2 protein chains.
Amino acid sequence: MVEEQDEKILGELQKDGRATNQQLAETVGMSTSACWRRVRALEESGVISGYAALVAREQAGFATSAILHVSLERHDVKFVDEFVASVLKRREVLECFATTGDADYHLRVVVRDMDAYNRFLDDFMFRIPGIRHVRTNVILKEIKTGVALPF
Amino acid sequence: MVEEQDEKILGELQKDGRATNQQLAETVGMSTSACWRRVRALEESGVISGYAALVAREQAGFATSAILHVSLERHDVKFVDEFVASVLKRREVLECFATTGDADYHLRVVVRDMDAYNRFLDDFMFRIPGIRHVRTNVILKEIKTGVALPF
DNA sequence: TCCATTTTGGTAAATTCTACCAAAAAGGCG
DNA sequence: CGCCTTTTTGGTAGAATTTACCAAAATGGA
């Protein structure tokens, strides 16, 4: 479904989401119209789900971030659904994955400072019903924060 | 340094990195020229570090992903630097964070299938010197993968 | 080989970007 | 407060880009 030329396009647009169609067409080696149509198709089929500006966390005033390991007390749909719905609502939670291993979920949370993180735990996380355990791993350093799939 | 109007702009560009300057100017309520200049300043100061197309992982053919907990044997600069340099090289590693807690590092790795993940471990991860322990948590479900800071 | 379908490259009008201008706003100082 | 300097603003016009269309080329089934 996604062929080689499409992967080239995706690779480039992951690196520069605002590349003009002309630049793009040249670097992937096709005409501007063919390239434009492919990009459009990738957007409409949902392979490209969107475009985003990447903002430097620290510079933008978000000094604190952490990875949370969360396990649920019980795994009824009721509790799971409520947990998922809660997590989707909170914008501090940038990522949430259901995983194998000791924890049921891995979350990455970004906030302005430790105080805000404390509030996040007290006012939000600890109030979600059915949570057995939450372990906080504070992020000391971001080695890498990428969004580009390794085509 | 980043003021309220800038945060509005950043918020919008995080949601739609390809919004035209005119749309943007209208939604944040300023003239196109003022808006354009602010965006430019945010780019040049590095607050906006770039733009990216967001690609749907599964649709693009990356079926498997995992979160790795990695601890190092020793924490000499020598080993740490080599680990960091190695990780930065591998495009399968989308994210890497140095954290508090049992593990020294949290990594998120994305590959096409389990086979590729196996190769990633054998050919790469297990060959990095100074690694004490690697625990794999396979991602069963992506609840949320966001890039937008919660302004 | 032939026909139907898809994909291509080129073009032109509509839109958008970008660099300028003078005017307005903000800030410092006696 | 009044004056000056500096910064930020809105408007505009030319350059660049996007987007929809065309006929031609390529693809692929029967």
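Some notes on this structure:
- For the stretch A:64-138, the fraction of C-alpha pairs more than 22 angstrom apart is 14%.
- Solvent-accessible area buried by pairing B with A, both sides, nearest 100 square angstrom, 1.4 angstrom probe: 6000 Å²
- Accessible-area loss of 10 Å² or more (1.4 Å probe, protein heavy atoms, chain alone versus all protein chains) is found in the stretch A:41-56 for A:Ser45, A:Gly46, A:Val47, A:Ile48, A:Ser49, A:Gly50, A:Tyr51, A:Ala52, A:Ala53, A:Leu54, A:Val55, A:Ala56.
- Using a 7 Å projection from Cα along Cα-to-Cβ, the label point at A:Lys144 is separated from the same position in the remaining copies by 2.5 nm, smallest value first.
- For B:Leu121, the label point sits 7 Å beyond Cα toward Cβ; its separations from the matching points on the remaining copies run 3.1 nm, from shortest to longest.
- Label points for B:Ala85 are taken 7 Å from Cα along Cα→Cβ. From this copy to the others they lie 5.2 nm apart, shortest first.
- Cα-based equivalent ellipsoid of the protein assembly as shown: semi-axis lengths in Å, sorted from largest, via gyration tensor: 32, 25, 20
- Average accessible surface for the stretch A:63-151: 48 Å² per residue, computed with a 1.4 Å probe over protein heavy atoms with every protein chain in place.
- Take B:Trp36: with every protein chain present and a 1.4 Å probe, its accessible area is about 140 Å².
- A:His106 sits among other residues whose Cβ lies under 10 Å from its own Cβ, and their net charge, with Lys and Arg +1 and Asp and Glu -1, is 0.
- Rg/Rg_globular for chain B, with Rg_globular taken as 2.2 N^0.38 Å and Rg from C-alpha atoms: 1.34
- Pairwise FRET efficiency - A:Val84 versus B:Met114, Cβ, R0 = 25 Å, nearest 0.05: 0.50
- Straight-line reach from A:Lys78: taking Cα to Cα under 29 Å and skipping same-chain neighbours fewer than 8 places apart, the lysines in range are A:Lys89, B:Lys141, B:Lys144.
- Accessible-area composition of chain B, carbon plus sulfur, in percent [1.4 Å probe]: 48 percent
- Once divided by 2.2 N^0.38 Å, the Cα radius of gyration of the stretch B:4-44 becomes 0.97.
- Distance from the C-alpha centroid of the stretch A:85-111 to that of the stretch B:108-144: 20 Å, rounded to the whole angstrom.
The values are calculated or read from the model by the stated rules, or taken from the named source; none is laboratory data. From a predicted model like this one, the values you see are computed outputs, not experimental measurements. Every residue, glycine among them, receives a Cβ derived from its backbone with ideal geometry; neighbour counts consider all protein chains shown. These area figures cover heavy atoms from the full protein model, side chains too; ligands, DNA and RNA do not enter into them. Shrake-Rupley method; radii C 1.70, N 1.55, O 1.52, S 1.80 Å.
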